[in-house]
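What follows is one structure encoded as structure tokens, with my remarks underneath.
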Amino acid sequence: MTPSQCRAARALVSMSQDQLADASGVAKRTIASFEMEQRRPYERTLDAIRAALEAAGVEFIPENGGGAGVRLRK
């Protein structure tokens, strides 16, 4: 997951950084610094963020020549 995917995923489900922090168990400061591309969290932290976003209905699209992205799950 890239920082831009994280920002876009939150926007798709109208989730604030505070809400994502609560849902994922990850500190808001960690989410904010990741999204601003200031630092890359541990993989287990990214997994927790991704799982919370997926539980909210986001599907992550891998890079397949057109760039990585996100969409709402059907």
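List of remarks:
- Looking across ALA11, ALA52, ALA32, one residue alone is at pLDDT 95 or above, buried (at least 16 other Cβ atoms within 10 Å of the Cβ) and in a helix (DSSP H, G or I). It is ALA52.
- Cβ-Cβ under 6 Å pairs, at least 6 apart or on other chains, segment 24-39 side hydrophobic (A, V, I, L, M, F, W, C), far side not in a helix (DSSP H, G or I): PHE34/PRO41
- Leading residue by the ranking (surrounded by the fewest Cβ atoms within 10 Å (Cβ to Cβ)) among those in segment 60-74 that are touching a helix residue (DSSP H, G or I) at 6+ places or on another chain (Cβ under 9 Å) and without any contact (Cβ under 8 Å) to a residue 60 or more places away in the chain: ARG73
- Yes/no for VAL70 being under 11 Å from the mean Cα position of the chain (by Cα) and modelled with pLDDT under 95: yes
- So ASP47, is it in a helix (DSSP H, G or I), modelled with pLDDT of 95 or more and closer than 23 Å to GLU63 by Cβ: yes
The values are calculated or read from the model by the stated rules, or taken from the named source; none is laboratory data. As the structure is a prediction and not an experimental result, all values here were calculated from the model. Cβ atoms come from the backbone with ideal geometry, glycine included; neighbour counts cover every protein chain shown.
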